[in-house]
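Let me begin by presenting the structure, written as structure tokens, before commenting on it.
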Protein chains: 2
Amino acid sequence: MAKMSNRQVLLSARPNGIPQAEHFNIVETPIPELADREFLVRNEFLSVEPAMRGWVNAVGNYSTPVGIGDVMRAFAAGTIVASRHPGYAEGDKVMGMLGWQQFAVSDGVSITRKVAESDLPLSLSLGVLGLNGATAYFGLLDLGAPRPGDTVVVSTAAGAVGSAVGQIAKLMGCRTVGIAGGPTKTRLCLDEFAYDEAIDYKGDGLVEKLTAVCPRGVDVYFDNTAGAISDAVYAKLAIGARVVVCGTASVSSWDPPPLGPRVERHLLVKRARMSGLLVFDYAHRLDEAIGRLAGWVRDGKLQYREDIEDGIERCPDAIAGLYRGENLGKKLIRIHSG
Amino acid sequence: MAKMSNRQVLLSARPNGIPQAEHFNIVETPIPELADREFLVRNEFLSVEPAMRGWVNAVGNYSTPVGIGDVMRAFAAGTIVASRHPGYAEGDKVMGMLGWQQFAVSDGVSITRKVAESDLPLSLSLGVLGLNGATAYFGLLDLGAPRPGDTVVVSTAAGAVGSAVGQIAKLMGCRTVGIAGGPTKTRLCLDEFAYDEAIDYKGDGLVEKLTAVCPRGVDVYFDNTAGAISDAVYAKLAIGARVVVCGTASVSSWDPPPLGPRVERHLLVKRARMSGLLVFDYAHRLDEAIGRLAGWVRDGKLQYREDIEDGIERCPDAIAGLYRGENLGKKLIRIHSG
């Protein structure tokens, strides 16, 4: 194989809160020779997701923070272009924690799965058929425990996770209410993601709007935001409600934790449950989720949106852009068109 | 039956927050004639409990607030002294929502159960063998889901509910840490309620104290307080922790809800669960709980404390006294010595 160089996005400084473009730099490095039981992946799509904020912050999180000077931790999907590993062959499509870089050397540990759905775009393995879809699937079905007829409220309802949550809830026979920011996203909720109701959280009277569309209260709240949106939804929980805490997009820093109205009384009076979700805990059931999600995609029952930008130089500002709410759908960076 | 009069404690004004003596008055009324399918209970013990704060407040709760001028809603235990009901005989001991009054006319609907443990004091039916014990039992075992070796932290650890939680957790093979206010109560935790560790929340450094005694974090937190104590415990949750929200004793008013550090990040990072508990939801399983609790009491494995005052005139200030933390053990008012 000809000697090629590898463009990589490194974490250059540790942010407190949402990482900005200045916390990253792009370098060009040589691709190391493959050792035995290693293979080389040419990344085609790099993922951008809210959880990256947590991965780079120093404060208590579920994973070791990305080191300063390290390649930014990221899911990516690509094709194996060289292999000295018996389990991975040239031409295999894979998705895993391959980093924000053009090429990744792997021994298999960083691979989440081989992408077997060759009839569907590879990019889906980073969105609706990847961790986003699995997050929606396990969060809603396992922790949210929806029953037919339940009212399911979703925050960031038009996003990569939220849009799948709303549609899966609908497939389960629930009434779905999406909360999103601005008319474009609420329109998307109704037109593409089959929500029964959509609420624009920008503007006053969120509690009143929720009251109007959830006359019997909220049975399941799938939360990607925390903050003021959640405070409004907590006030409308039905008896026995389940809150799935999946993300905290509205909170710019957790060091120290911001103040908000205490939730204990809502939980007590409504005998409600709040559960934190980390999709990695469901690694052993990933095939189940991807199999069902892919079936729904093929049947046209699960719509998705992608927001694809081209070129690795779009990476450094990408997380901040996500938190600015600029994207419509799963945000991806495409590199290597071939 | 000779015409007797009935002393009753009425709610005379609606408090916002903790009800004080001035929110009640005591009146003397005639006992009505029994209709068909009614019976008359002579109360011996009146219960005082933190939940009464919720019963008299107008703001969102699980039950209709007690009306102004109504007999104060309360559990009581007594003996049937006259009956025109085929299911209840003179001499039967009963416990139920009989109110803060000397005599209660009932058609059976207000009865929680007949007290069959004639070998044990009747007063226990209002505490460790009543709703307090059942709250501890179902809250810990159902929502807390303790496993052997788990670290279980209990707030108001020496109280009527907390003391039972700690001992049941111990019976389940857990390590128990009690949080209580002041040296007398922490002493009680260690000497009578078999806690492995006891922490006095009065004084600085609660997080540091918790860190010292919970080196592997908190697996189950049975919470009766909310507020600053809970904030400290949330910071120490272990992965997969279960928080049982049973009471909010430290919060003087929920209208509006006080501010506190937001909990979502703790729940997310630790994949923890917070569940609100209302023991009334377990009415269909009450016999199971009372049966096991009574067995543990008889075997000397479940210790309890009672704090009994004499005379119905002690009622009006009793709830406020509870929130002042004056009592040691289950607070009861004894009336009718005979």
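The values are calculated or read from the model by the stated rules, or taken from the named source; none is laboratory data. Just so you know, these numbers come straight off a predicted model, no measurement behind them. Neighbour counts run over all protein chains shown; Cβ positions are idealised from the backbone, glycine included.
Taking the conditions (1) closer than 26 Å to residue A:308 by Cβ; (2) in contact (Cβ under 8 Å) with a residue 60 or more places away in the chain; (3) among the aliphatic types (A, V, I, L, M); (4) in contact with a Ser or Thr (Cβ under 8 Å, 6 or more places away or on another chain) in turn, residue A:21 satisfies each one other than (4).
Screening the stretch A:1-16 for residues that are part of a strand (DSSP E or B) and touching a residue at least 40 places away in the same chain (Cβ under 8 Å) and picking the one that is farthest from residue A:101 (Cα to Cα) gives A:11.
Going by the structure shown, is residue B:194 surrounded by fewer than 24 Cβ atoms within 10 Å (Cβ to Cβ) and in contact with a Lys or Arg (Cβ under 6 Å, 6 or more places away or on another chain)? So residue B:194 fits the description; yes.
Beta carbons closer than 7 Å, at least 6 apart along the sequence or on distinct chains, pair a first residue in the stretch B:202-217 that is on the phi > 0 side of the Ramachandran plot with a second that is surrounded by 18 or more Cβ atoms within 10 Å (Cβ to Cβ) and assigned to a loop (DSSP other than H, G, I, E, B) for B:217/B:236. Restricting A:216, A:285, A:187 to those that are modelled with pLDDT of 95 or more, touching a helix residue (DSSP H, G or I) at 6+ places or on another chain (Cβ under 9 Å) and surrounded by fewer than 23 Cβ atoms within 10 Å (Cβ to Cβ) reduces the list to A:285. Scanning the stretch B:216-243 for residues that are facing chain A (nearest Cβ under 10 Å) and either within 18 Å of the chain's Cα centre (by Cα) or not in a helix (DSSP H, G or I) (or both) returns B:223, B:225, B:226, B:235, B:237, B:239, B:240, B:241, B:242, B:243. Confirm whether residue B:269 is farther than 23 Å from residue A:270 by Cα, without any contact (Cβ under 8 Å) to a residue 60 or more places away in the chain and at the interface with chain A (Cβ under 7 Å from one of its Cβ atoms). In short, yes. Determine whether the stretch B:77-95 contains at least one residue that is under 30 Å from residue A:238 (Cβ atoms) and assigned to a loop (DSSP other than H, G, I, E, B). Looking through the stretch B:77-95, none of the residues is under 30 Å from residue A:238 (Cβ atoms) and assigned to a loop (DSSP other than H, G, I, E, B).
The set of residues from the stretch B:17-53 being among the β-branched types (Val, Ile, Thr) and either in the same structural domain as residue B:223 (by TED's automatic domain parsing) or assigned to a loop (DSSP other than H, G, I, E, B) (or both) comprises B:18, B:31, B:48. In the stretch B:159-182, of all residues being of a type in the set (Val, Ile, Thr) and outside any strand (DSSP E or B), the one that is surrounded by the fewest Cβ atoms within 10 Å (Cβ to Cβ) corresponds to B:168.
Screening residue A:249 against (1) within 25 Å of residue B:275 (Cα to Cα); (2) more than 9 Å from every other protein chain (Cβ to nearest Cβ); (3) modelled with pLDDT of 95 or more; (4) out of contact with any Cys (no Cβ under 6 Å at 6 or more places or on another chain) leaves a single unmet condition, (3). Taking residues in the stretch A:137-158 that are crowded, with 24+ Cβ neighbours inside 10 Å, and partners anywhere that are β-branched (Val, Ile, Thr) and in a loop (DSSP other than H, G, I, E, B), the pairs with Cβ atoms closer than 8 Å and at least 6 places apart or on different chains are A:155/A:225; A:156/A:225. On the stretch given as the stretch A:320-338, residues that are touching a Phe, Trp or Tyr at 6+ places or on another chain (Cβ under 9 Å) and aliphatic (A, V, I, L, M) total 3.
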